């Protein structure tokens, strides 16, 4: 009897502690979102006089900007749309709309696979929150532009435009491209393309342990795999952290959009590969296998957002617990910047392209976006 009572008391204590910790995390995230509003408003006010530019990063001296055709261009307005959703702040809505409309030209742009990032992140959130048909029309046209890059022989949407001495290497597909399928799924009518791309990527991008290559090159005439390698990772055989996070997020999203269990199974296998390899603070290093390590807060943000969604599909408590660890780290002073610092970006310690010596240990606009998304997903639980 005493033993049974003791076990019951321990269970109740554990439950109460867990609830208390989650409430503390939610409180921290609400504070972080309040600070984020100040960051984003200051960033918008700084950028408004700079025509045709979007904030991308900060090099310690000045804000690094991008043109609308940079793959990161949609994240700044998309972040403001999410914060408008959280706060109802009309000034944020105004700024978000201004910088979203800067990107309208992209609806007819066929030179990139990244239209999901560039168009759907800002325009999708804008339409979801306002119902304005203008935003929907841009998304629909951008989807028509994106599918021009699909090759039915390969079964994938082309990623980079390349011109190699060996033409067989010209059809490149990167794991990041999974993220752009969400826009096509949302518009509808492109099932043959999205499912083909997703299944071909499962077949050819993933290793036996469910880590992913960054790049797969195909012969576009035959559909044959010619090469598997990295571009932004440590080595061809390593696990580049953000690439792994794109894969996790991409297949979790595809399950949500389609209900096909094969995608959920893939997401679970990716998560189960990654979680044991995380460091103590749960924020990945830029590559899980690199000799010289730098934290990549952007990979941590993407992974946290994906794990929260994956928890919703599976009820696997481990996924939520890891996401909580990541959010605690990202909202702490170790990663989250004070207002007026960090070029008014939110997170420090991001890595863009270390082998190219580009954006190493700096803030990144996409890291900020996925942190806000993850925080809001957690607060909604």
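Give the range 146-165 a look and list any residue that's touching a residue at least 12 places away in the same chain (Cβ under 8 Å) and surrounded by fewer than 19 Cβ atoms within 10 Å (Cβ to Cβ), or say none.
147, 148, 151, 152, 153, 160, 161
Could you say whether any residue in the range 179-198 is without any contact (Cβ under 8 Å) to a residue 40 or more places away in the chain, in a loop (DSSP other than H, G, I, E, B) and at negative phi?
The answer is no, given that none of the residues of the range 179-198 is without any contact (Cβ under 8 Å) to a residue 40 or more places away in the chain, in a loop (DSSP other than H, G, I, E, B) and at negative phi.
Would you tally the residues in the range 261-276 being surrounded by fewer than 20 Cβ atoms within 10 Å (Cβ to Cβ) and either under 19 Å from residue 214 (Cα atoms) or touching a residue at least 12 places away in the same chain (Cβ under 8 Å) (or both)?
Count: 5.
For the range 155-171, which positions are modelled with pLDDT of 95 or more and outside any loop (DSSP other than H, G, I, E, B)?
Of everything in the range 155-171, those that are modelled with pLDDT of 95 or more and outside any loop (DSSP other than H, G, I, E, B) turn out to be 156, 157.
Conditions tested, residue by residue: (1) under 17 Å from the mean Cα position of the chain (by Cα); (2) closer than 27 Å to residue 136 by Cα.
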position	(1), (2)
154	no, no
179	yes, yes
187	no, yes
200	no, no
209	no, no
224	no, no
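For the range 277-287, check the following and say yes or no: at least one residue is surrounded by fewer than 22 Cβ atoms within 10 Å (Cβ to Cβ), in a loop (DSSP other than H, G, I, E, B), on the phi > 0 side of the Ramachandran plot and touching a residue at least 60 places away in the same chain (Cβ under 8 Å).
Of the range 277-287, the ones surrounded by fewer than 22 Cβ atoms within 10 Å (Cβ to Cβ) are 277-282, 285.
Of the ones still in play, those that are also in a loop (DSSP other than H, G, I, E, B) are 278-282.
In the following step, the residues that additionally are on the phi > 0 side of the Ramachandran plot were identified as 282.
Now drop any that are not touching a residue at least 60 places away in the same chain (Cβ under 8 Å), which leaves none.
Taking every residue of the range 277-287 in turn, none turns out to be surrounded by fewer than 22 Cβ atoms within 10 Å (Cβ to Cβ), in a loop (DSSP other than H, G, I, E, B), on the phi > 0 side of the Ramachandran plot and touching a residue at least 60 places away in the same chain (Cβ under 8 Å).
If you take the residues in the range 333-367 that are farther than 25 Å from residue 292 by Cβ and touching a helix residue (DSSP H, G or I) at 6+ places or on another chain (Cβ under 7 Å), which one is surrounded by the fewest Cβ atoms within 10 Å (Cβ to Cβ)?
339
Given the residues 232, 266, which is the only one that is over 28 Å from residue 141 (Cβ atoms), modelled with pLDDT of 95 or more, within 18 Å of the chain's Cα centre (by Cα) and part of a loop (DSSP other than H, G, I, E, B)? Give the derivation first.
Working: 266 fails: part of a loop (DSSP other than H, G, I, E, B).
Exactly one residue qualifies, and that residue is 232.
Could you check, for the range 80-93, whether at least one of its residues is surrounded by 17 or more Cβ atoms within 10 Å (Cβ to Cβ) and over 20 Å from residue 30 (Cα atoms)?
No: zero hits.
So that you can scan it fast, the table gives a plain yes or no per residue for (1) closer than 23 Å to residue 192 by Cβ; (2) in a helix (DSSP H, G or I):
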| site | (1), (2) |
| --- | --- |
| 106 | no, yes |
| 112 | yes, no |
| 116 | yes, yes |
| 119 | yes, yes |
| 123 | no, yes |
| 140 | yes, yes |
| 143 | yes, yes |
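If you take the residues in the range 43-64 that are surrounded by fewer than 21 Cβ atoms within 10 Å (Cβ to Cβ) and under 22 Å from residue 110 (Cα atoms), which one is farthest from the chain's Cα centre (by Cα)?
For the range 43-64, the residue satisfying everything is 52.
Each row is one residue, and each column tells you yes or no for (1) out of contact with any strand residue (DSSP E or B) (no Cβ under 9 Å at 6 or more places or on another chain); (2) within 23 Å of residue 272 (Cβ to Cβ).
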position: 195; (1), (2): yes, no
position: 204; (1), (2): no, yes
position: 209; (1), (2): yes, yes
position: 220; (1), (2): no, no
position: 232; (1), (2): no, no
position: 243; (1), (2): no, yes
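The values are calculated or read from the model by the stated rules, or taken from the named source; none is laboratory data. Everything numeric in this text was worked out from a predicted model, so none of it was measured. Note that each Cβ is placed from the backbone with ideal geometry, even for glycine, and that neighbours are counted across all protein chains shown.
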